[in-house]
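Student: Input: one structure, supplied below.
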Amino acid sequence: MMRKEGRVESEGWNPLVTALVPTYNGSAFIMRTLESLAAQTWPNLEILIGDDRSTDDTLEVVHRFADRHPGTRIVERDANLGWLRNSNDLMARADGELMFFAFHDDVVAPTYVEELVGGLAGNERAVLAFSDMHVHELDGSVHLHAFDGLEGITSSVDRGRVMVSRPENWWVPNRGLFRASGFAEVGGIHANEQGEFSADWTWLLGLAIVGEFVRVPQVLCTKYYMSESLSKRWPHDSTQMVALRRSGIAEIKRSSLSPARKAVLTGYLRRRVYGRGLPDGVKAVFRRLGL
């Protein structure tokens, strides 16, 4: 565990936090991410890295980092799992009561963990705390992204409705700190019929049903898009959208909501046309399939 000077506890609570680092061929930039984790002011932190059978020298880079930071564990894969299974396995291996994804193209501020632990400490009903973000796009522009769509919502069904509608910046909480109990209840990130496409949406939908989200209105995370970033390469055609809609319905059905509340939320999802501005042909596919 990493021990540093700084606020040792948050309102009398000092949980172990696990930084989850699923990585693949990130040797050119992963050290930036790792050094931001090493600089955290939170005193009770472990770093868990899953190298997904990289073909570059990522593994050598992370081992050099681990040699200098004994609170680091490295999982070496026998085969490439993809980001989703890699992430699920890391969550299952984590020792922390709380955890967060530190994707290898993200950098977090030194007080990231400290501030977000404070957000969770103030609300026992909350399952996740997150901050605002700066995002560096491929063209060099930098944009502020914030998500306030769940602030003050205590109803699990109402939170589900918000996430079902996929409002602007719905994905920002995926760079947040969440309880291990939330992972246990949701069961991890679930693939859909098209694999990993936008699986972070159903993951966040599941967590929103479990508990409240707390926004810490500070920029504590910065994302750097790379040309090889998955979200820049996924197609957004009707096949992908249909698979995602079905996956959302499945996420609701596997939740702990009562049958009546599941019916309300799945009915709401079925009535919505996923994604404003979709081509008419895609909307027609939804109608034909009853989605």
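Student: Run lengths n ≥ 4 of DSSP H only: what is the helix-derived mean residue ellipticity at 222 nm for the chain, with -39500 (n - 2.57) per run over all residues, to the nearest 500?
Tutor: On the way: 11 runs with 113 residues, N = 291.
Helices in the chain give a 222 nm mean residue ellipticity of -11500 deg cm²/dmol.
Student: Summarise the accessible area of segment 11-156 (1.4 Å probe, protein heavy atoms) by the percent that is carbon and sulfur. Don't jump to the answer; show the numbers that get you there.
Tutor: Values: 2730 of 5740 Å².
The nonpolar share, carbon plus sulfur, comes to 48 percent.
Student: If you don't mind, another one. Is the shape of segment 169-222 rounded, prolate or oblate, going by the alpha carbon gyration tensor and its root eigenvalues a ≥ b ≥ c, with a/c under 1.5 for rounded and a/b larger than b/c for prolate?
Tutor: Numbers: a/c = 2.31, a/b = 1.36, b/c = 1.70.
Since a/c reaches 1.5 but b/c is at least a/b, the shape of segment 169-222 is classed as oblate.
Student: What does the convex hull of the Cα atoms of segment 1-112 come to per residue, in Å³, rounded to a whole number? Walk me through the numbers on the way to the answer.
Tutor: Details: hull volume 9.9 nm³, N = 112.
It is 88 Å³ per residue.
Student: Continuing with this model, one more query. What is the distance, in nm, between label points placed 7 Å from the Cα along the Cα-to-Cβ direction at E168 and at R68?
Tutor: 4.0 nm
Student: Rg/Rh for segment 43-82 to two decimals, with Rh computed the Kirkwood way over all alpha-carbon pairs. Show your work: numbers first, answer last.
Tutor: Values: Rg = 10.9 Å, Rh = 10.8 Å.
In segment 43-82, Rg relative to Rh is 1.01.
Student: Okay, next question. Amide H of G96: which non-local residues (sequence gap of 5 or more, or other chain) have their own amide H closer than 5 Å, using H built in the peptide plane?
Tutor: T18
Student: Label points 7 Å out from Cα along the Cβ direction at D95 and E124: separation in nm?
Tutor: 2.7 nm
Student: Please identify the DSSP H helices in the chain that span no less than 30 Å along the helix axis (Cα) and have a mean Kyte-Doolittle hydropathy of -1.0 or more.
Tutor: Values: long enough: none.
TM-like helix candidates: nothing returned.
Student: Using only protein heavy atoms and a 1.4 Å probe, report how much of S258 is accessible, in Å² to the nearest 10.
Tutor: My reading of the accessible area for S258 is about 50 Å².
Student: What is the percent of Cα-Cα separations in the chain that go past 27 Å? Don't skip to the end; give the middle numbers.
Tutor: Values: 16959 of 42195 pairs.
Percent of Cα pairs beyond 27 Å in the chain: 40.
Student: Rank-order 47-56, 208-217, 160-169 by packing density, defined as the average count of other C-beta atoms within 10 Å over each peptide's residues, highest first. Provide the component values of the computation, followed by the final result.
Tutor: Numbers: 47-56: 20.3, 208-217: 22.1, 160-169: 18.6.
Per-residue mean Cβ counts within 10 Å order the peptides as 208-217, 47-56, 160-169.
Student: Heavy-atom accessible area per residue, the chain, 1.4 Å probe: how many Å²? Working shown, then result.
Tutor: Values: 12410 Å² over 291 residues.
Computed with neighbouring chains in place, this is 43 Å² per residue.
Student: Here's a follow-up. With the cut-off at 17 Å, report for segment 93-224 the share of all Cα pairs above it, as a whole percent.
Tutor: On the way: 4979 of 8646 pairs.
Everything past 17 Å amounts to 58 percent.
The values are calculated or read from the model by the stated rules, or taken from the named source; none is laboratory data. Everything quoted here is computed from the prediction, not taken from an experiment. Ideal geometry is used to build each Cβ from the backbone, glycine not excepted, and the neighbour counts take in all protein chains shown. Areas reflect the complete protein model, heavy atoms only, side chains present, ligands, DNA and RNA absent. Shrake-Rupley method; radii C 1.70, N 1.55, O 1.52, S 1.80 Å.
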